[in-house]
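K.L.:
The following block contains the structure, expressed as structure tokens.
The values are calculated or read from the model by the stated rules, or taken from the named source; none is laboratory data. All figures in this text were calculated on a predicted structure; none of them were measured in a lab. Methodologically, a virtual Cβ is constructed for each residue, glycine included, from the backbone with ideal geometry; neighbour enumeration extends over all protein chains shown.
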């Protein structure tokens, strides 16, 4: 089942980190926090340590900022966001846009979505990234359109990332539930404890939208 592939991939990454603690791509820290239901304080402490080892690398400030925002530590999130400027890879651009959107400044996410919409005419752009940007901006129909693009290509990435908070605004939408059902992914998600919205278990409610 798809959910087993998701858990296997996460466990493989976790084992790699245990064997070599210096291998710490910032996306692993974020994915573990959002997908394995760990305690936020523990994950944030690990992210702070990683940032301190890479103080000039904006990618680690972006990840820490997102974690702090999700944990309700808005002042800490804003401080990290201030250090997030600079040239980064597409994955980090995406998360920087999400971070500023969560802090009430959606302009970066809007700008990035517009740039990637244009770029998608001639190059590959991750449908999941586009969907999550639009979901974060409250453009739910556009988000779902991107997930279903190219016969559901965007949905394929949900095997690893269906629990991301960026999907929360569409999580109870019938179109999103249908995608999860087709991929045999669970509707309920685990969440790290200690976040801004309390208990980290989010059930799907039949027939309702957020």
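K.L.:
Within the stretch 21-30, is there a residue that is under 18 Å from the mean Cα position of the chain (by Cα), more than 25 Å from residue 104 (Cα to Cα), modelled with pLDDT of 50 or more and not in a loop (DSSP other than H, G, I, E, B)?
P.N.:
Within the stretch 21-30, one or more residues are under 18 Å from the mean Cα position of the chain (by Cα), more than 25 Å from residue 104 (Cα to Cα), modelled with pLDDT of 50 or more and not in a loop (DSSP other than H, G, I, E, B).
K.L.:
Can I ask one more? In the stretch 31-41, which residue that is in contact with a helix residue (DSSP H, G or I) (Cβ under 9 Å, 6 or more places away or on another chain) and at pLDDT 55 or above is farthest from residue 69 (Cα to Cα)?
P.N.:
38
K.L.:
The conditions are (1) modelled with pLDDT of 90 or more; (2) surrounded by 13 or more Cβ atoms within 10 Å (Cβ to Cβ); (3) farther than 18 Å from residue 163 by Cβ; (4) more than 15 Å from the chain's Cα centre (by Cα), and residue 55 fails exactly one of them. Which is it?
P.N.:
The number of the failed condition is (2).
K.L.:
Still on this structure, please answer the following. Filter the stretch 77-100 for residues that are over 17 Å from residue 67 (Cα atoms) and touching a helix residue (DSSP H, G or I) at 6+ places or on another chain (Cβ under 7 Å); which is surrounded by the most Cβ atoms within 10 Å (Cβ to Cβ)?
P.N.:
Only one residue tops the list, namely 88.
K.L.:
Here are some conditions: (1) assigned to a loop (DSSP other than H, G, I, E, B); (2) buried (at least 18 other Cβ atoms within 10 Å of the Cβ); (3) modelled with pLDDT of 75 or more; (4) touching a helix residue (DSSP H, G or I) at 6+ places or on another chain (Cβ under 7 Å). Residue 179 meets all but one. Which one does it not meet?
P.N.:
It fails just one condition, (1).
K.L.:
Okay, next question. Restricting to the stretch 101-138, what's the tally of residues that are closer than 15 Å to residue 166 by Cα, in a loop (DSSP other than H, G, I, E, B) and touching a helix residue (DSSP H, G or I) at 6+ places or on another chain (Cβ under 8 Å)?
P.N.:
Residues that pass the stated criteria total 5.
K.L.:
Further question: Could you please let me know if residue 46 is outside any loop (DSSP other than H, G, I, E, B), at pLDDT 95 or above and surrounded by 15 or more Cβ atoms within 10 Å (Cβ to Cβ)?
P.N.:
No, not satisfied.
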